[in-house]
């Protein structure tokens, strides 16, 4: 087990994701200072559905910008590994931050080119429908689930389910199952939107001749 500082947020971060935060609370200004001085990482356990998850993602500090005299700043972070909190370690004072004893989730480095190709096609269909301005690698082997997880209409609870899956193949199947349901819903909403727009226009019909 590893002891890790914790920064709970209403957000699910993914490994490989760039995360930008504004830091202003005293305890987290302290945390960022310590990350800079001691090259520490910290964990982001999501607060989802009214409770703090025991799953989360380790974040590594990449850069600190816009630092103010009071210590507030903007930080650029990179998602690293998924962890499970074994034990919460309560802060000694209100000025300190939460810690936890964590176990890092083993990553299963697998992939299946056919599934990646299917996922690439589904992502393209969805992005075309929703006008999402995000590049999709032309080579299916370059498709990684965590890169697109925030762009496919998952709820936070479903995003949390995704980071609990250690296998890329299983994550690919998870997203394909979601998109097979979600894309028809988007198509239906787009049809309704176009119909509503049409119904708002003045229409001229020839009289019926009975």
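Computed over the alpha carbons of the range 1-113, Rg followed by Dmax gives 14.4, 51 Å. The modelled label-to-label distance between residue 86 and residue 27, using points 7 Å beyond Cα along the C-beta direction, is 2.3 nm. With distances taken between every two different alpha-carbon atoms, the range 113-199 has a Kirkwood hydrodynamic radius of 13.7 Å.
For the range 121-169, the square roots of the Cα gyration tensor eigenvalues, ordered a ≥ b ≥ c, give a/c of at least 1.5 with a/b no greater than b/c, which places it in the oblate category. Most tightly packed first, judged by the mean number of other beta-carbon atoms within 10 Å of their residues, the peptides 74-85, 125-136 read 74-85, 125-136.
In the chain, the DSSP-assigned H stretches of four residues or longer account for a calculated mean residue ellipticity at 222 nm of -11500 deg cm²/dmol, using -39500 (n - 2.57) per stretch and the full residue count as denominator.
Bear in mind that the values in this text are calculations on the coordinates, not laboratory data. Note that the structure is predicted; figures quoted are calculated from it, not measured. Glycine gets a Cβ as well: all are built from the backbone with ideal geometry, and neighbour counts include every protein chain shown.
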